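K.L.:
Before I ask anything, here is the structure I am working with.
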Amino acid sequence: MGSVTVWFRASEPNPGVNHFTAPFLSTAFVEPAYRRRGLFSAMVRQAVRECRSRGYAFVTGVPVGHARRGLRRLGFRSLGEMGLALREELL
């Protein structure tokens, strides 16, 4: 039906920057037959509530496809993450 995965990853090492653990929304997906029923929004909202309950100040991620539009509707904004497609069919 669908799933959302939050990865609690350590921050990347940077000289002079305190290291911390940051929640990363690594996948958010609803199978096509179950879309347009609010499942994506409900799952992401629950993931955000869990992150808040653990005391985190933000959640990051790199959305693809339909997830980008859905996350924008839920208040997510671009923070400058960049990616590079390594397979030609993704270009």
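K.L.:
Please pick out the residue among Thr27, Thr21, Thr60 that is surrounded by fewer than 17 Cβ atoms within 10 Å (Cβ to Cβ) and touching a Pro at 6+ places or on another chain (Cβ under 8 Å).
P.N.:
Unique residue meeting the criteria: Thr60.
K.L.:
Would it be correct to say that Glu81 is at pLDDT below 90 and among the charged types (D, E, K, R)? Steps first, please.
P.N.:
Values: at pLDDT below 90: yes; among the charged types (D, E, K, R): yes.
Criteria met by Glu81.
The values are calculated or read from the model by the stated rules, or taken from the named source; none is laboratory data. These numbers were taken from a predicted model, which means no experiment stands behind them. All Cβ positions, even for glycine, are placed from backbone atoms using ideal geometry, and neighbour counts span all protein chains on display.
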